[in-house]
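Novice: Quick one: this structure, given as structure tokens, is what I'll be asking you about.
No value in this document is a laboratory result; all are computed from the given coordinates. All values reported here derive from a predicted model rather than from experimental measurement. Every residue, glycine as well, gets a Cβ built from its backbone with ideal geometry; the counts of neighbours run over all protein chains shown.
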Amino acid sequence: MQPLTAVVLGATGFIGEYLVNELLHDEQFASVKALVRRDVAAPHPKLQAIVIDFNNPEEMRSHIGKADCLFCCIGTTAKKVKGDEAAYRKVDFDIPVYAAQLASQAGIEAYMLVSAVGANAQSRNFYLRLKGEVEDAVSAAGIGSLGIFRPSVLLGGRKEFRLGESAGKVLMRITSFLLRGSLSKYRAIEGLTVAKAMVAAAKQHQPGTHVYLYDDMVKLAGG
């Protein structure tokens, strides 16, 4: 198989860290470029970490460059932006959408995007509406193979502690077995499973737009 190159946005985030590790240990990927906001160690010969200003369109354009796959795990939280919806949108909408446009222009054929279960541009909920708007805008960019991943509550270790989220994780672990059939998409999922699914989908390179829910991600990740 021909070696693949990847660009990752959000490499220092929860899913992003798992994703970069999966890419570095996948023999099909020859190089991984991580675009980050701050200096990070890159102790692997396949990894190139580049600090950029995501608010600078030209920096994004020049550093995304050409690649086979672009993975977008970037995102913020209401706490980090102090409840400022405009600031939230600047990160969660502007960056993924502009990256998709740049990818399309550069001929990057696969774009893997982390979204959220329940994403809907018509939702009354700000977060779900925003995620739906991102999905719609990225879909309109004209990427040949677009994967949209919609996890529910994410399981696994985080560097930062989130009390409400931790309580939610416990509840989801207890009640997950009750979520069957059409409700299975709301099951909590390991961040590592999402990352593995993204890598697998990128390698499959299926034409068109594909939305992956809980069952799809588990299957892609190999169980």
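Novice: Sort 106-113, 26-33, 204-211 by the packing proxy (mean of other Cβ within 10 Å over each peptide's residues), most packed first.
Specialist: Result, highest mean first: 106-113, 26-33, 204-211.
Novice: How charged is the neighbourhood of Ile108? Take every other residue with its Cβ under 10 Å from the Cβ of Ile108, and add Lys/Arg as +1 and Asp/Glu as -1.
Specialist: Working: positive: Lys66; negative: Asp68, Glu109.
Counting the neighbours of Ile108, the net charge comes to -1.
Novice: Considering the options Ala34, Gln101, Leu128, tell which one lies farthest towards the positive end of the dipole of the chain, charges being +1 on Lys and Arg and -1 on Asp and Glu at the Cβ, about the Cα centre.
Specialist: The one lying farthest along the dipole's positive direction is Leu128.
Novice: With point charges of +1 on the Cβ of Lys and Arg and -1 on the Cβ of Asp and Glu, referenced to the Cα centre of segment 1-107, which listed residue (Leu70, Gly10, Asn21) lies farthest in the positive direction of the dipole?
Specialist: Towards the positive end, the residue furthest out is Gly10.
Novice: Around Arg61, what is the net charge, scoring Lys/Arg as +1 and Asp/Glu as -1 over all other residues with Cβ under 15 Å from its Cβ?
Specialist: Local net charge: -2.
Novice: Helix hunt in the chain: which complete DSSP H runs extend at least 24 Å axially by C-alpha with mean Kyte-Doolittle at least -0.5?
Specialist: The answer is none, since no helix passes both cut-offs.
Novice: Determine the calculated [θ] at 222 nm for the chain from helices alone, applying -39500 (n - 2.57) to every DSSP H run no shorter than 4 residues and normalising by the residue count; nearest 500 deg cm²/dmol.
Specialist: Roughly -11000 deg cm²/dmol at 222 nm, from the helical runs in the chain.
Novice: May I pose another question? Looking at segment 40-74, which trypsin sites (Lys or Arg not before Pro) are in a loop (DSSP not H, G, I, E or B) and have at most 13 other Cβ atoms within 10 Å?
Specialist: Numbers: sites: Lys46, Arg61, Lys66; in loops: Lys46, Lys66.
Filter output for segment 40-74: Lys66.
Novice: Further, regarding this structure: Under 16 Å from a point placed 7 Å out from the Cα of His25 along the Cα-to-Cβ direction: which residues of segment 206-223 have their backbone N that close?
Specialist: Counting backbone N atoms under 16 Å from the label point, the list is 221-223.
Novice: Calculate the spin-label point distance for Val211 paired with Tyr127, positioning each point 7 Å from the Cα along the beta-carbon direction, and give it in nanometres.
Specialist: 1.8
Novice: Evaluate E = 1/(1 + (r/R0)^6) for Ile50 and Ser184, where r is the Cβ-Cβ distance and R0 equals 41 Å; express this FRET efficiency to the nearest 0.05.
Specialist: The formula returns an efficiency of 0.60 here.
Novice: Also: Select from Ser115, Gln48, Tyr214 the residue farthest towards the positive end of the dipole of the chain; place +1 on Cβ of Lys and Arg, -1 on Cβ of Asp and Glu, and compute about the Cα centre.
Specialist: Value computed over the given set: Tyr214.
Novice: Expressed as a rounded percentage, what relative contact order does the chain have, with Cα pairs under 8 Å and six or more residues apart?
Specialist: In percent, rounded to a whole number, it is 18.
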